[in-house]
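Quick notes on the structure that follows.
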Amino acid sequence: MINDIKTALQVFNALGQAPEILSLKEYLLTVESAQAKLRQENSKLIVENTKLKEQIKKHDTWEKERKNYESHPMPSGAIFYRKKNTEELFCPNCYETKMIIVHLQPSKLLYKFCPHCKTEFRISD
């Protein structure tokens with residue numbers, strides 16, 4: 001019987017602490033939820049950071065590459081770009097948007113065509 005009284009007293013004390021335990025559990029759930037949100041935000045920031053690093057790398061690469069080109073005026077007044085020490089012309093539109101991919105291709109007589117941006121240029125008067 002004394003054991004029953006001790007057990008009843010322990011249960012009674014535990015019930016008295018129940019609101020505090022529930023409050024702690026609710027707090028822990030709130031903390032876990034906040035951690036999950038922070039993990040998601042961290043993942044998004046990691047992806048964004050990676051994209052920004054790629055953009056910086058492309059920019060830096062372009063800045064190095066653009067030193068290999070020079071402007072080249074044509075008799076028609078158009079200004080093209082070409083790699084130094086070559087005769088291959090590159091589209092001024094693509095050059096300005098950092099999208100030099102291929103050199104200009106012959107089109108009609110006195111014209112060149114950019115296969116990338118589809119622009120046609122008169123190269124001679």
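Numbers at a glance
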item	result
Of all residues making up region 67-88, the number that are under 31 Å from the mean Cα position of the chain (by Cα) and touching a residue at least 12 places away in the same chain (Cβ under 8 Å)	7
Residue in region 41-48 that is touching a Lys or Arg at 6+ places or on another chain (Cβ under 9 Å), at pLDDT 80 or above and either on the phi < 0 side of the Ramachandran plot or outside any helix (DSSP H, G or I) (or both) present	no
Residue that is out of contact with any strand residue (DSSP E or B) (no Cβ under 9 Å at 6 or more places or on another chain) and not hydrophobic (A, V, I, L, M, F, W, C), where the choices are H72, H116	H116
Residue that is surrounded by the most Cβ atoms within 10 Å (Cβ to Cβ) [pool: residues in region 77-101 that are assigned to a loop (DSSP other than H, G, I, E, B) and in contact with a Phe, Trp or Tyr (Cβ under 8 Å, 6 or more places away or on another chain)]	C91
Restricting region 98-122 to residues that are at pLDDT below 80 and among the polar types (S, T, N, Q), the residue that is nearest to E65 (Cα to Cα)	Q105
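The values are calculated or read from the model by the stated rules, or taken from the named source; none is laboratory data. A quick note: this is a predicted structure, and the numbers were derived from the prediction, not measured. Glycine gets a Cβ as well: all are built from the backbone with ideal geometry, and neighbour counts include every protein chain shown.
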